């Protein structure tokens, strides 16, 4: 399942595997000025390739190596001869996705294993005929995560570093404090539009980032205070975030409120580390 929408010069695609006419879980890919930012999942490859036939795809940037963002890499390279660029840590995963990363059952059902693709390390700046994008390392969602910033337009392609909303759950392999540090780094920029990895496009991007940081830091402080009082992870989750959401059961405990509480407590940086990372340095 695929839908397309023009937002100024940017062509946004929302993509999801369809079962019984319904999209399971949407992700996004963006085309602008010959540059493709992410490529969706394995199940939407043919639809994305077809949708791009009248356009030029000269380069692909993967914001990170998760399976729902690299699915059409190989097909677009074959169809358009596009070069793939990614963070160095992502390159081995792109080359051998089945060997480098085990997918849980829900990930196989929703997104599937991508085909192998060959990428080069991404430079500090991506130039297209009309735009210049700064490449910013934004770990937390994954260690290999990057975001793209176009200062003249005020565009931020945030991947999954910023999606929006008030998080009530976290995946087991995310680091919430790294996410906060990355958001702080991005919040220093003059951002108009945020193009997120889920397909939501947020106006007043700088304000949206600061709002998210305030929420997450507040939840972190409250989590640590309740933990110091002797509450269990489950009790803290119930007190701050309520009942587990449906995704906790669909993912068999891989994406839960309890994991968010765990990351706030166990992934908290030391005082020395926090001098740099907690300020987004």
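Per the conditions (1) touching a helix residue (DSSP H, G or I) at 6+ places or on another chain (Cβ under 7 Å); (2) in a loop (DSSP other than H, G, I, E, B); (3) surrounded by fewer than 23 Cβ atoms within 10 Å (Cβ to Cβ); (4) modelled with pLDDT of 95 or more, the sole criterion not satisfied by residue 25 is (4). Looking at 58, 54, just one residue is surrounded by fewer than 23 Cβ atoms within 10 Å (Cβ to Cβ) and modelled with pLDDT under 95, and that residue is 54. Of all residues in the range 116-144, those that are touching a residue at least 40 places away in the same chain (Cβ under 8 Å), over 20 Å from residue 210 (Cα atoms) and not in a strand (DSSP E or B) total 12. Scanning the range 89-108 turns up no residue that is assigned to a loop (DSSP other than H, G, I, E, B), under 24 Å from residue 10 (Cα atoms) and assigned by TED's automatic domain parsing to the domain that holds residue 13. When you check residue 256 against the structure, is it at pLDDT 95 or above and within 29 Å of residue 133 (Cβ to Cβ), yes or no? Spelling it out, it is not the case that residue 256 is at pLDDT 95 or above and within 29 Å of residue 133 (Cβ to Cβ). Residue 231 meets the conditions (1) surrounded by 15 or more Cβ atoms within 10 Å (Cβ to Cβ); (2) in contact (Cβ under 8 Å) with a residue 24 or more places away in the chain; (3) more than 28 Å from residue 133 (Cβ to Cβ) in every case but one. The failed one is (2). Residues in the range 197-218 that are surrounded by fewer than 21 Cβ atoms within 10 Å (Cβ to Cβ) and closer than 22 Å to residue 259 by Cβ: 198, 213, 214, 215, 216, 217, 218.
Restricted to the range 80-89, and to residues there that are more than 26 Å from residue 50 (Cβ to Cβ) and under 16 Å from the mean Cα position of the chain (by Cα), the residue that is surrounded by the most Cβ atoms within 10 Å (Cβ to Cβ) is 87. Residue count for the range 59-87 satisfying the condition of being touching a residue at least 60 places away in the same chain (Cβ under 8 Å) and more than 16 Å from residue 145 (Cβ to Cβ): 1. Only a single item in (1) over 18 Å from residue 142 (Cα atoms); (2) more than 13 Å from the chain's Cα centre (by Cα); (3) modelled with pLDDT of 95 or more is not met by residue 194, and it is number (2). Residue-level check: of (1) touching a strand residue (DSSP E or B) at 6+ places or on another chain (Cβ under 7 Å); (2) closer than 30 Å to residue 2 by Cβ; (3) touching a residue at least 60 places away in the same chain (Cβ under 8 Å), residue 194 misses just (3). A count restricted to the range 130-168 and to residues that are over 18 Å from residue 178 (Cβ atoms) and out of contact with any helix residue (DSSP H, G or I) (no Cβ under 9 Å at 6 or more places or on another chain) stands at 11.
Within the range 36-47, the set of residues being more than 20 Å from residue 127 (Cα to Cα) and buried (at least 24 other Cβ atoms within 10 Å of the Cβ) comprises 40, 41, 44. Scanning the range 199-241 for residues that are within 22 Å of residue 268 (Cα to Cα) and assigned to a loop (DSSP other than H, G, I, E, B) returns 229, 230, 231, 232. Within the range 123-170, the set of residues being over 17 Å from the mean Cα position of the chain (by Cα) and surrounded by 20 or more Cβ atoms within 10 Å (Cβ to Cβ) comprises 133, 150.
The values are calculated or read from the model by the stated rules, or taken from the named source; none is laboratory data. Predicted model, so just to flag it, every value in this text is computed and none were measured. Cβ coordinates were reconstructed from backbone atoms using ideal geometry, including for glycine residues, and neighbour counts include every protein chain displayed.
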